[in-house]
Amino acid sequence: GPANCSLTALPFTIDPAITDEENIAGDTCGDIAGGANFPLNTIDTVTLDCIPDANGLVNFNTAITWQTKTGLDCAIGSLRGPIPLPDISKSQAACVETTLATEFLGRVTVIKSAPDNTDFTFNWSTDSPPVINAGMNPADPFTLNNSQVAGEEIFALVTLDTPATVTITEQDLAGYQLSGISCPGGSVSVQGNTVTVTLSYDEANPGLADVTCTFTNVVVQTNPAMSVSKTSTTGAVTAPGDVVYQYLVSNIGDVGLTNISLSDDNDNDDIVCPGGHPIATLAVGASTTCSATHTVTQAEIDANGSPVADSGLLSNTVTASSTETGDETASLDIPITQTPGLAIDKVGTFNDANMDGLAQPGETISYTFDVTNTGNVTLTNIAVTDPLVTVSCAPEANPIVDLDPAESVQCIATYVVTQADIDAGQRDNIATADSDQTGPETDPETVPLGQNPLMTVVKTSPIGSITAPGSVAYSYLVTNTGNVTLTGISLADDNIDASVSCPGVTLAPGANFICTAAHTVTQGELDANGSPVADSGVLDNNVTASSTQAPDAIDDLQIPLGLTPSVALVKTGIWNDEGSTAGIAEVGETITYSFEVTNDGNQTLSAITVSDPIVPTITCPSGNPIPTLAPGASETCTGTYTLVQADIDAQQRDNTADATGSSPGGTDDVSDQDSETVNLPANADLQIVKTGVFNDGGDGLAQPGETISYSFLVTNGGSVSLTNVMVTDPLVAPITCPSGNPIPSLAAGSSETCTGSYAVTQADIDAGSRDNTATADSDQAGPVTDDETVPLPTSADLDLAKTGTFNDESQDGSAQVGETISYDFLVTNTGNVTLTTIAVTDPLVSPITCPSGNPIPSLAPGASETCTGSYTINQADVDAGSRANTGTVDSDQTPPVTDDETVPLPQGSGLTVVKSSQTASIGAPMTVSYSYLVTNAGDTTLTGIALTDDNIDATVTCPADTLAPGGSFICSAAHTVTQGEIDDNGSPVAGSSELFNTVTATSNEAPDATDDLSIPFAGGPAITMVKSSTTTQVSAAGPVDYSYFVTNTGNVTLTGVRIDDDNDEDDASCLATTLAPGESTT
């Protein structure tokens, strides 16, 4: 190959068995034609040195193989190019022999030639086993890429055991043309883009195994061109759906086209071509048809354009591109036809709620409104209206937001039938549907309504019977009993004075009005005993009611004629006070009577006689008997009666008078009686006076069981003797009278005193008095009363005794927050009055419980009740050492009464302090920080808390000086450790090896608390020395100077520093004899 290889010349002997011997020293690798084996000395090595080419490769057309044998082990190595070749060294310490052998290789080098750096791709194959190098597998094409320059090569290596062929083909590249293949000195065969090289090895002509082929290309001048056209079978868009496009793509240039891609700006991105899309190739003059679709949406129709709204067109443009040409476009516009349409279908159904087959006001008509989009455009804002109803399109709104083509929505409404509708016999109205896209569309609907015109008339009169000439009033109740309004209503009556008068001529269904008329009854009609028919005994007439709509209604009324001959007698009497005692009836005085006789019938009476058994003479103006008396006429007769003692005793005069007469055609067939009682005043008077005296038992206060003595003075103050005089009192029994109770008789002006006793009750005492009323009654006089109030001495008094007991729940002998005090409240009524609503209160104790409730409803005199309550101790109580408070009792009858109680609370005070520090040991001057945990370990709040420490810089700082029980805070202080303390090895005690101090915590309440803390001193004295000299070698007699660098490496100040050298002139000296920690001297 082009590189030189050599073997280092070594002493060797040629194996006599090798016939093709050569001296390999200084030879090139290519000159090795056979093999040689030679012995090596045990310390020698065989080295093959090769010089690499410009690419850093060593190229062999032979293989170098070596073999080393050691005993039974065998190691074989082989090198074959082109590879980076390292030195090959074999130690011959135990080698017997080394053999070098060669193997022949062939190579083809490919060179591309082109006017630019365009990539060229080659395929290759061989009929000999190839030597595989990186990227040179025959199964894979190889490329001379853009980064390479013209003339670069690539290897194709084969083994030349026998002659071999290597075939290389250049792939076509658009725009370029292969102008020639040149392989100088080689055995080649060229066909088109392919060259076949035959390789063989001839030691005399080694170039036969190393051939270089150059492929030369030139740029081809072309005229690529392409056309595209777009069509569709859809002539117009009227509904959503797919529009199919065809794209005719033609190669109209002189160069084949590749990677032809179509893009449409308004399709479904679904372009399909026969051979796939993009089209891989299209030969010159060839064409192909691709297709795509655009799915028209309702929204595009609604917008009247796509992609441009309101353009009226479905527009799109296809763009065709290829590797060789520029873009070509074709556009197509398909018109969009909008035909908005709207229809409404209104249907009404009468709802006969009461199922009577007739319409009534308040019954309903149900309407449905089917609204349909009959066009091809989405309709929006579709409003459904009806002047009579409110239309609902639930769940849609009204207006309906939108309606797709062919979509329908049913709206509903309900109409309440009116009387006007029923009168018309039907309900007519029109519904309207309107939208943003269409004009209004209407649909009328007529719903028939069932009618039943009907009326009634009822004739009445307040006259139940006719007994005298006069006017008879008639009322006519006219009612519309149908479901249609009646008009033109009129009434006719066959036996009235004039015409019937009505308030109107129209009636709504169910409505009514009252008409009126009158008939004047004459005496002749009474005489005839009937009208219009004599001797019928009645006044008879008929009414007829008529209207424009309903059949006539009739009614008649008969009123009986009553012939009632009758006489009436009214007797009155007046007592004449003619005696000596005014206002008191006396024997011989008189009563004057009058007798009023009236013809209260409807016939004239005759021979009316007036009589009275106690009045001997009755005088009438026209005589007695009265000759005649017309109906309604009257005559008053008079007579006198003289009083007797029996009348006075009876205190009245009672008697009856009679009047008797004859009617026409009759004899004494009418009569009347009247009784009269004349009261005769008498003087019956009864009086009673009641008095009471409280009988005190001696203590000045009323007690239950003590008595009141009553006396009852009864007096007859009138002029008539009283009998059966009874004295009663609801509280006093018995009441005793001298002549008995009741008193049998009590003459006028006489008196009698009765007595009784009453036992006082607690209720009387509570009231403060006893009030009651006595009554006296007799046969002659009405009951008379007298009341008496006897005051009762009272005293309302209330007492409270409060006691408290501390409950040491923790059993530690001290009071703690949360422990309790139990209180008893003894409430006693110390007066003689029952007390009510007795409330026991305490500002600290709640609730306070009493056996009968709090407030106690009632407490009798001398009675007691114990109430209880509990109080929870707080810290202020514990701090005070006691709990004082006051209970109060009050009632409706007494002022408030109080009692206070102080309960001692045993105290327990305790204070602790714990001192700590983060510093574990001290090895140098520093600041040591201390923390002091101060805790109130007792149950009393501590105040005035202060801390002192015997070995700190300043005072202890605390966040507060007060602590509640169980509370704690942390105080702080510091001690600055000095070098002197470290030197003393202790503070405050030198030599103690520690920093020690004691803290004392004090308060106003608790004993002092202390704690101490010791921190050990660490480290100790330490010293180092570094000895040096400027003399590095002694070569003659003379002084040698030494330097000693001494450092205090401990933490204690060193004194008396000196140097002792075992081989100096005893003249060592130091600049300083005292060293602080870390200091140095020389």
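The values are calculated or read from the model by the stated rules, or taken from the named source; none is laboratory data. Just so it is clear, the model here is predicted, and its values are computed rather than measured. When we count neighbours, we look across all protein chains shown, and the Cβ atoms used for this are built from the backbone with ideal geometry, even at glycine.
Some notes on this structure:
- The number of residues in region 446-492 being surrounded by fewer than 14 Cβ atoms within 10 Å (Cβ to Cβ) and in contact with an Asp or Glu (Cβ under 6 Å, 6 or more places away or on another chain) comes to 1.
- Hey, PHE806 part of a strand (DSSP E or B), among the aromatic types (Phe, Trp, Tyr) and touching a Lys or Arg at 6+ places or on another chain (Cβ under 6 Å) or not: no
- Top-ranked residue in region 794-815 [being over 56 Å from the mean Cα position of the chain (by Cα) and at pLDDT 90 or above; ranked as nearest to GLN651 (Cα to Cα)]: ASP797
- Only one entry of THR723, THR707, THR715 meets the criterion of being touching a residue at least 12 places away in the same chain (Cβ under 8 Å), in the same structural domain as PRO742 (by TED's automatic domain parsing), out of contact with any helix residue (DSSP H, G or I) (no Cβ under 9 Å at 6 or more places or on another chain) and more than 30 Å from VAL587 (Cα to Cα), and that entry is THR707.
- Taken over region 309-340, the criterion of being part of a loop (DSSP other than H, G, I, E, B) and either under 30 Å from GLY253 (Cβ atoms) or touching a strand residue (DSSP E or B) at 6+ places or on another chain (Cβ under 9 Å) (or both) is satisfied by SER311, GLY312, SER322, THR323, GLU324, THR325, GLY326, ASP327, THR337, PRO340.
- Residue match in region 811-819 (condition: in contact (Cβ under 8 Å) with a residue 60 or more places away in the chain and either assigned to a strand (DSSP E or B) or surrounded by fewer than 15 Cβ atoms within 10 Å (Cβ to Cβ) (or both)): yes
- Across region 726-736, the number of residues qualifying as over 30 Å from ASN829 (Cβ atoms) and either touching a residue at least 24 places away in the same chain (Cβ under 8 Å) or among the aliphatic types (A, V, I, L, M) (or both) comes to 6.
- The selection criterion, being over 30 Å from ASP1066 (Cβ atoms) and either surrounded by 17 or more Cβ atoms within 10 Å (Cβ to Cβ) or among the polar types (S, T, N, Q) (or both), holds for ILE982.
- 3 or more residues aliphatic (A, V, I, L, M): qualifying strands (runs of 3 or more DSSP E) within region 980-1082: 994-1002, 1009-1016, 1023-1029
- When restricted to residues that are assigned to a strand (DSSP E or B) and either surrounded by fewer than 13 Cβ atoms within 10 Å (Cβ to Cβ) or modelled with pLDDT under 75 (or both), region 639-658 contains 1.
- Within region 405-426, considering residues that are of a type in the set (A, V, I, L, M) and touching a strand residue (DSSP E or B) at 6+ places or on another chain (Cβ under 7 Å), the one surrounded by the most Cβ atoms within 10 Å (Cβ to Cβ): ALA413
- Flag for TYR930 being of a type in the set (Ser, Thr, Tyr), outside the structural domain of ASP766 (by TED's automatic domain parsing), closer than 30 Å to SER992 by Cα and crowded, with 17+ Cβ neighbours inside 10 Å: yes
- Matching entry among THR329, THR337, THR319, THR378 (being in contact with a helix residue (DSSP H, G or I) (Cβ under 7 Å, 6 or more places away or on another chain) and within 28 Å of ASP267 (Cβ to Cβ)): THR378
- Being among the hydroxyl-bearing types (Ser, Thr, Tyr), farther than 30 Å from ASP404 by Cα and out of contact with any Cys (no Cβ under 9 Å at 6 or more places or on another chain) holds for only one residue in THR238, THR329, and it is THR329.
- Residue, nearest to LEU800 (Cα to Cα), within region 887-916, restricted to residues that are buried (at least 16 other Cβ atoms within 10 Å of the Cβ), polar (S, T, N, Q) and within 56 Å of the chain's Cα centre (by Cα): THR888
- Candidates GLY601, GLY661 - the one that is buried (at least 17 other Cβ atoms within 10 Å of the Cβ), outside any loop (DSSP other than H, G, I, E, B) and in the same structural domain as TRP575 (by TED's automatic domain parsing): GLY661
- Qualifying residue in region 392-404 (condition: touching a Pro at 6+ places or on another chain (Cβ under 9 Å) and in a loop (DSSP other than H, G, I, E, B)): yes
- Neighbours by Cβ (under 6 Å, 6+ apart or cross-chain): first from region 1036-1062, free of Cβ contacts under 8 Å to residues at least 12 places away in the same chain; second surrounded by fewer than 16 Cβ atoms within 10 Å (Cβ to Cβ) and among the β-branched types (Val, Ile, Thr): VAL1040/THR1031
- Screening ASN683 against (1) touching a residue at least 60 places away in the same chain (Cβ under 8 Å); (2) among the polar types (S, T, N, Q); (3) in a strand (DSSP E or B) leaves a single unmet condition, (3).
- Qualifying residue in region 833-853 (condition: in contact with a Phe, Trp or Tyr (Cβ under 9 Å, 6 or more places away or on another chain) and of a type in the set (Asp, Glu)): yes
- Residue in region 998-1007 that is among the charged types (D, E, K, R), over 30 Å from ILE982 (Cα atoms) and at pLDDT below 90 present: yes
- Scanning region 749-767 for residues that are closer than 19 Å to SER778 by Cα and in contact (Cβ under 8 Å) with a residue 40 or more places away in the chain turns up THR753, CYS754, THR755.
- None of VAL347, VAL377, VAL401 is at pLDDT 95 or above and outside the structural domain of ASN268 (by TED's automatic domain parsing) except VAL347.
- The strands (runs of 3 or more DSSP E) located wholly in region 220-308 that include 1 or more residues which are farther than 30 Å from ASP172 by Cα and touching a residue at least 40 places away in the same chain (Cβ under 8 Å) occupy 226-232, 241-251, 257-264, 287-296.
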